[in-house]
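Values quoted throughout were computed directly from the atomic coordinates according to the rules given, and no laboratory measurement underlies them. Because the structure is a prediction, the values reported are computed rather than measured. So basically every Cβ, Gly included, is an ideal-geometry build from the backbone, and we count neighbours across all protein chains shown.
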Amino acid sequence: MDLVKAAERRVSRRRWFDIEPSAPERMQLEAAPLAGTVASFVFTRAAERSWEVLNQHLEEAEGGVFWIGGPAGCGKTHFLNYVIALQRRAGAVDARNMRRLVCGLELAGRLSAGEVELFLLSAMAEQIGGDPRTSGDLFRHMRGAAALNVGLEAARRTGVAAIMVAIDFGTSDCAVADFFVMLGQVAASFQQVKLTVIAAGRAIAPEASRPLAVVSRDALEEGTVAVRRARRLVEGTEIEIDAMYAGIDTAGCAPGSIFPFHPMALNALGTIASYPRPDRQTADAASIVTLSRLVREVLASPGLPDAGGLPIRLIYPSDLTLNPEVANLVKAIMADAGRAAWKIARDRTAELDSYESDLAREIIDTLIVEMVCGGTDALTLEELQARVPLLTCMRGAREWTAAALRDLLQRLEMSTGGVISVGEGEARFDPNAAGAPELAAFNAALMLARRFDPRLTIARDRAALAARLARLDDAMAQAVEAAVGTRTAHESALKEAKLEMPAANRATIAQYIALAESGAAAMIAAAADEQYLAAAIQSANAYEVLAAAASSMPRLRAMRDYLTETGLRALPDEAGPRENEWQHSTIVSLETECELLRVELGPRILTGTPRNLDALEARFQKFKWTYVQCYIGAHSRWVEKMERLKREADDARRYYNALAWLNAIAALGRPEGVHLGAVVVELSARVVRCGLGEAIAPETIPRCTSCGFQLGASSPEAEIENAMEAIRRALEIKLASLSHSMIARLIRSHDKENRLEGFLKITQAAQTDALVRVLDEGLAKYLARVLEEE
């Protein structure tokens, strides 16, 4: 444990970067740029392309004229100094022992083209060398291309092979289009000395020049340059820095180029820096120097979590406001109402405990920075969760942090009177909520008001307040009627079961009706008392549970009706074995669950503690799904069985008919199995064929409307088999009588129509089935007449 703590202390003391010296507001063009000037230059993508163009030009024999354009502070002069420094480092003498000259010319104020030309020739003459008086006479008597050609010729005679002239127009204002045309012509035509002119200015590039650019492509690249100008990373930190940005969209930037800023914080800082200040009257893009100074200021803020004075985690948007200078800029951007709203919100955080106070401060400042710098007024809760440092540190508990965020936002909305506004899955900072006391009172009671009309939102002006109060009055009037209906629904449902409504439930409904009858104005005025507000919200919560139960009664009744229509009843164990014992356990489980659900879905549910009806309905749906699957399979088997039993019942009727015909012949003795006729009729009635087959719909109609099959029902199969066996035995007795020798002789001697020969063979063979097939009512009557004649 001690080793772990020691390692943590070593990490916390680690130095991640060094802060660079503050850059001047405007860089000067240097004749001999210092090493620090060169080292501090940060290439943008445009500057990289410009440097490639210049390098390619320097390898060519012909001269040229270039123009670096862009707004103030984008790095034009810094780029010129970089070019001058590298050219000087390349050496003043080339391989042919010829000299290379580099001239720097910085201009200011309002100048004419002639003055610019004079300054250029003077600077060249100074670098070339010679008698200054002769040069002065030459420039007083000559102008334009002639003077420049003479100067280049003089340079050639002194051993100069190339001249590079860097001109920084800076803040000067002059028309130089014709001048650059002349420069381009001379640079292209004079072959003995290569003339390269690189000028920088805020104006559009003259037509005679080749345009170059150093401007940042977008705000994120501008921020990247500002960060690299403001601090220098310590070697060996790259891997750990990359790990800090895991899962964060850096928009293509290398983590090391923006560390320790979160990309959204860097974008916000650039937006804040671009707003007008005393030294800038328009909201143009901030210069690199201005932004880098602000970055440097933030990095040195003592309020940020640090180790050895420097941040050890990423800087998020809410961290920016910890810096006094940034906070002042944000306040300057906001109107008076916004500053007042910010103070209200910040004051409310003091009422929370230490952790929640810090979390609330980060939430508030994140929403403020988004309002000032973002493209939208609101953030979704997921976006807000990803931008609050205290929540992002708990990546493994996103569900818990999301719940904590929603809870704290709702409390902030109440305590700030709507300054922190919470909508459907989003939150925003509303500066207009810090207006009149009436607005603040309504917004503070909004959580209670939404119990009557969930669509109500923050009121931002008096007109909106009046409209919302009118809507709230209407909603509260409708709530009174709804509450009376809720009470009536409970009383009616309980009366069916001969039960009384619990006193607690009756009191809850009465309290809610009193609250709704008080009206919008009175309720909002009373809600200024926090105890009243909490009690009213608690009363509304209790009523909503009862209202939900009342509204669910049709669902409860529909579920009870379905359970009743299944016909399932839990039977005692002594009820005896059932058909299809292999399915017995499933059916028993369904019967038990059906009985339990019927009880729990009954009116008694309204007399106890309100339950989670959704959970109870989910349980019903689970039962229903199991029942439907079981019923479909059992019904299919029942249909097949009924088809078979129908044939067996028909056979039983045919056999009994044969028996009845034989019983009608007195000569065969006393009747046998007379009672079996009623048994066959009763069993045949129990065999019902299904006309729907597989077209049943047990998910809506629990039992088949054609055959009425009930799950677990027993078929008359055994009874039909027993009846058939009894009929066979009775027929066998009659066959025995018919096969008696005396009866047989009588039949042979008196069978004048010869109809009984085959019949006698059947009786003698005692073939009951064959007898039933042969014997009909006519044959039986003929047999009876034959025997009766005797």
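Tabulated results
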{"quantity": "Distance in nm between pseudo-label sites at ARG598 and ARG210 (7 Å out along the Cβ direction from Cα)", "calculated": "9.6 nm"}
{"quantity": "Over 17 Å [Cα-Cα, the stretch 597-710], rounded percent", "calculated": "69 percent"}
{"quantity": "Packing-based order for 560-570, 261-271, using average beta carbon neighbours within 10 Å, highest first", "calculated": "261-271, 560-570"}
{"quantity": "Rg ratio (alpha-carbon, reference 2.2 N^0.38 Å) - the stretch 436-549", "calculated": "1.16"}
{"quantity": "Phi to ³J(HN,Hα) by Karplus 6.51 cos²θ - 1.76 cosθ + 1.60 over the stretch 584-600, Hz, x for Gly, Pro", "calculated": "4, 5, 5, 5, 4, 5, 5, 5, 5, 5, 4, 4, 5, 5, 4, 6, 5"}
{"quantity": "Value of D in µm² per second that Stokes-Einstein yields for the stretch 314-420, Kirkwood Rh from Cα pairs, at 37 °C (0.692 mPa s)", "calculated": "233 µm²/s"}
{"quantity": "Pairwise label distance in nanometres, ASP336 with LYS641, each label 7 Å out on the Cα-Cβ vector", "calculated": "8.9 nm"}
{"quantity": "Relative packing of peptides 183-192, 502-511 - highest average C-beta neighbours within 10 Å first", "calculated": "183-192, 502-511"}
{"quantity": "Under 5 Å, built H, 5+ apart or other chain: amide partners of ILE198", "calculated": "PHE66, VAL165, ALA166, ILE167"}
